[in-house]
Structure formats: structure tokens, C-alpha cells
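Accompanying notes for the structure given below.
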Amino acid sequence: MSGKIKVREYTVFNGNEGWEKDGKIFRLACAPIMAEAPNGDLICTWLTGSDHEPADDNCAVTIRSSDGGRTWRDIDFILPPADENGSAWILRNEDKLVALCARWPKADNYTVWHFFRMESNDNGKSWTGNTPFDLLSGEGKSASFGQLIRTSWGENIICGSTFTKREQMPTVGRERFAAARSEEEALAMPPRTDKERPIHKFGSHLHGVAAFKTDDTLSSFEYLGGVANRPSGLLEPTIIELKDEKLVMLIRAEWDGWLWRSESLDRGRTWSKAYRTDIPNPGTLPHMIRLPDGRIVLFHNAMGGETGRTYQVRERRCLSVWVSRDELESFYIKENIFEDGGYYSYPFGMVRSDGSLVMAYDFNRREIKFCELEIME
């Protein structure tokens, strides 16, 4: 560790102790999302359940902090357990909070999503409304949402993953599938051998990434454009606007070992073919944000580098913060702020209204952690 980033860490939720509700103990801690409420409270939501995901009792909870993230209280469901699993992305919209919620059937393994919108006028203490919406329509097509940015030209752009059911499923093994450069190449490959691993949902559905537009009330949604040029999948992107108005997505690529990149020169309507970067990644979600001084921060797991390998969740052994001051041309800070002693997943960074940099992540799928970060130079 170079010591260029100062970290103060606090525990949001400890699933090792668990949270008991309606006679069940919830321990799962997965994929935190934060928002700052109109009154200054921090609201954090994450996917939970009794033990793991996907599972029949997966649902979403919220918790709040009124002291800048040092202590957290009032945990409760925002989406309780139901016939379909649930998650929520909470966003600030002027004097209210908006929750973009999703339900999905466990059997479809994150390839079919049903969305609805709720809002809160009391800083996240209660939620009203249940207005359905779609991100992507069409037979055999679905999408999930991710990060939202406000562009310099005044549009709200959301990046997300898309899922298109294939008419013909490749039968190749995982390692060779990961190296396929086109659908035709993947379909022409010989079936997998007994020594190769199956491709499961990445074979039944082509996974891609896309940009969507939403209005200022976060009520209407429009598909703009996307890319799906990697047969074994692109998913869970993060998005940033560069100073020349170019949009860039950095993208998780399953079984590759590196982040991939796609760019749009027309405000998200069309995207370049995604390509492999030199940023190592073990098949997990990255997150980018821009600081008030113009620098770009990338939160991710800086390990990987082996195409065709299946990286396990337990191999996310470092949590990295990289900083660029030349619009992603390079990173002058590459620091592992946590490493070894566990696994770190789904970092979510945010700049608060006072300009401070904070982050949340899940640790060992049992704890949600909150960090105050100070970049020393």
C-alpha cells in the first residue's frame, strides 16, 4: 500500500450476528447501494436473505445513518421476501427519494426482471407507490439497471445489463466459450467434454450492456443503445462521461480476467464494440465516479488476468481504488485499500453534498462496510 488514500471504516450491518425479522434470521449481505436523503441522512440498501443468493428468501432492506456513516440504525425491509426475489436502487430526486425496484424469478437466474418504482417523501422512512416500468421490451429480452449519471447536456443516463434469449444455445465448454470472438465461432465449436465446465445461463442468454435515458422525475425510461459483441457475456457496467462528452463504460466480462470497455460518441445512442482493457478483474462489478476536482475514481478488485478461468467469489481478495487525472488514459494511483483476510465485493462510491468521498462494499457476503476516503494527493 502506497499510503496515498486514507480510509476510515465502519460496519453498517453484521450478518454474522444476523438480523431477526418475522421469525427468520437474515445474514446475507450483498451489493450495497447508498443515497443521501434530503435531510442529510445516508440511506443504504442491499440484497439479503437467510444465507446466500440466489435463494427463495432473497429480498432488500434499508438502513440509515444520521452521523455521516459512523453508526447505522432502523434496518427494515424495503422489499420483503415474496414469490419473486427483490432488490432496490435508491436515488435522490430533489426533495424526495426514489427507489427503482426489481423482482426476478429465482429459476431464471437473473435473466428476467420485472420493475416498479416507489418514492419516499420522509427521507426513506416509508415508501409509497408501485408503478411498473420496463427497460427493454420484446420477446425473450430483459434488462437490469445499474449506475445513473447526470450528463453535461442535461440527460440522466442509466447503464445496465441486457439479456436476450438465444434461439440456439452453444454447447461448448466454458474455457473455449470464453475465448470465442463471435456467435458463429461459439456455435461452431465442438460440444464440451466431460473435463470442461458447463456455461449455464451465459449460454441460454446473450448478455450485453446498454444505456437508458430517464426523465428528471425518474419516472419514464427509454432504451438508447448497447453492445453485446462478446458471446460469453458482458454485464454489470459502470459509466462515466469524459470531458469531451464521450461516454465510457467499463464492463465485467465473465471468465475473462479483465475489464472490458465500450464508448459512445453520440450521447449513448450507439456504442463501439467492447474490447479488453489492461485492468485486471476477477469477474465482478466495478464502479466509477468523478470527484469535484475532475479526477475519476475507479473502485474494483484489481486481480485476475487469466482468460477462461472461473474466478470464485472467495478470490476477490483485494479492494482497490485507482485514480485517473487524465480522463482514463492512465491511473496515477493504484492502491489496494484492503487485501487478504477475506473477500470484498460490489464497491459503491459516492460524493456527498459536502464534497466528501465515501464508499460501501460487502465483505465475505456477511457484512456491509462503509468507508470515508481521503485521497492525499
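The values are calculated or read from the model by the stated rules, or taken from the named source; none is laboratory data. Quick caveat: nothing in here was measured; it's all calculated off a predicted structure. So basically every Cβ, Gly included, is an ideal-geometry build from the backbone, and we count neighbours across all protein chains shown.
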From the options F338, F299, residue that is of a type in the set (A, V, I, L, M, F, W, C), over 23 Å from E263 (Cβ atoms) and either part of a loop (DSSP other than H, G, I, E, B) or out of contact with any Asp or Glu (no Cβ under 8 Å at 6 or more places or on another chain) (or both): F338
Flag for S137 being polar (S, T, N, Q) and within 30 Å of V351 (Cα to Cα): no
Every pair of residues 6+ apart whose Cβ atoms lie under 8 Å, when the first sits in the stretch 140-162 and is closer than 22 Å to F202 by Cα and of a type in the set (V, I, T) while the second is in a loop (DSSP other than H, G, I, E, B) and modelled with pLDDT under 95: T162/L136
Among residues of the stretch 261-275, those that are surrounded by 14 or more Cβ atoms within 10 Å (Cβ to Cβ) and either of a type in the set (S, T, N, Q) or free of Cβ contacts under 8 Å to residues at least 12 places away in the same chain (or both), counted: 4
Pair list, Cβ under 6 Å, 6 or more apart: the stretch 8-21 residue under 14 Å from I43 (Cα atoms) and aromatic (F, W, Y), other residue modelled with pLDDT of 95 or more and not in a strand (DSSP E or B): F13/A29
Verdict on D74 being touching a strand residue (DSSP E or B) at 6+ places or on another chain (Cβ under 7 Å), of a type in the set (D, E) and either modelled with pLDDT of 95 or more or part of a strand (DSSP E or B) (or both): yes
Among residues of the stretch 300-310, those that are under 22 Å from M359 (Cβ atoms) and in contact with a Gly (Cβ under 6 Å, 6 or more places away or on another chain), counted: 1
Condition broken by V351, with the remaining ones in (1) closer than 26 Å to V248 by Cβ; (2) touching a Pro at 6+ places or on another chain (Cβ under 8 Å); (3) assigned by TED's automatic domain parsing to the domain that holds E263; (4) surrounded by fewer than 17 Cβ atoms within 10 Å (Cβ to Cβ) satisfied: (3)
Residues (assigned to a loop (DSSP other than H, G, I, E, B) and of a type in the set (S, T, Y)) located in the stretch 302-329: T307, T310, Y311
Residues (in contact with a Phe, Trp or Tyr (Cβ under 8 Å, 6 or more places away or on another chain) and either of a type in the set (K, R) or without any contact (Cβ under 8 Å) to a residue 12 or more places away in the chain (or both)) located in the stretch 53-72: R64, R70
First in the stretch 298-320 and without any contact (Cβ under 8 Å) to a residue 24 or more places away in the chain and in the same structural domain as M249 (by TED's automatic domain parsing), second anywhere and surrounded by fewer than 15 Cβ atoms within 10 Å (Cβ to Cβ) and assigned to a loop (DSSP other than H, G, I, E, B), Cβ under 9 Å, 6 or more apart: none
Among the candidates I289, I296, I333, residue that is at pLDDT 95 or above, within 25 Å of V12 (Cα to Cα), in contact with a strand residue (DSSP E or B) (Cβ under 8 Å, 6 or more places away or on another chain) and of a type in the set (V, I, T): I289
